[in-house]
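Data first, discussion second: the structure below is written as C-alpha cells.
Read-outs: derived from the displayed coordinates by stated rules, not from any lab. Note that the structure is a prediction, hence the values are computed from the model and not measured. So basically every Cβ, Gly included, is an ideal-geometry build from the backbone, and we count neighbours across all protein chains shown.
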Amino acid sequence: MSAAASRVIIGSTSCGGSTVPPRGPRLLQNLFLPSVKLVRKDRVGARVRRRYDAPRTPFERVVDSPQADPAAVAQLTAVRARLDPFALAQTIERKLEQIYALAHHPARPAAPSLSAAPLPPPAAVAPVVPRPRARLRPLRFGKATRAPLPRHHLVTS
C-alpha cells in the first residue's frame, strides 16, 4: 500500500504539500470499529441472499492485505497504539454536544451599552382580535362539520 492510501485509511488529506492531521471520527471508525463487507450475492428464486465477510476494522484489513506497504502499516500501528478508543469517543461526543448547543441555542445579542443612542419607542401595533370559531357539531361515526346545514339544503323533493 502506498503512503497516499494510508492517508486515506486514517482520514487525513493532503493540501498543498502539507498533511492535515487526521480527525477523531475517522480514526475511531477506521482503527477501532469493525464493519462487515459484502462478499457475494446469491439469487435464490425471487430473493437475493447476501454473504458477508467476518467483521473486521479497516485497519485490520490493511494489515492483512498483501499489497500493504510495511512502513505505512507501521505508521498506522503506531497511531493506533497512541489512541484510547474510549477517550476518543468521549471527545467526539463532547464536540457533537457543542455543535448541538450552538445550533439549537444561538448566542444572545449583546445588551445595548449606556453610551449608545437610545432606541426609538416601538411603533403602535393594533391589537389582534381573535376570530370567533365555528362550533363543531358532532355527526355519526365520530365525524364533525363546521356549522349545521340550512333547512333548504335538506329538502330532497
- prompt: So how much slack lies between L83 and D53, counting 0.36 nm per residue of separation and subtracting their Cα-Cα distance, in nm?
  reply: 8.2 nm
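By how many nm would the segment from R43 to A123 lengthen if fully extended, with 0.36 nm per residue of separation less the alpha-carbon distance?
This chain segment gains 21.6 nm when fully extended.
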- prompt: If you rank L33, L88 by fewest surrounding Cβ atoms within 10 Å, what's the result?
  reply: L33, L88
task: Return I92, I99 ranked ascending by Cβ neighbour count within 10 Å, so the fewest neighbours appear first.
output: I99, I92
field: Gain on full stretching of the segment that runs from R23 to Y100 - 0.36 nm per residue minus C-alpha separation
entry: 25.9 nm
query: Rounded to the nearest 0.05, what FRET efficiency is calculated for I92 and E60 with R0 set to 25 Å and r the Cβ-Cβ distance?
result: 0.75
query: Using 7 Å Cα-to-Cβ label points, what is the S35/A71 separation (nm, one decimal)?
result: 2.8
message: If neighbour count is taken as other Cβ atoms inside 10 Å, put R131, R49 in order from fewest to most.
response: R131, R49
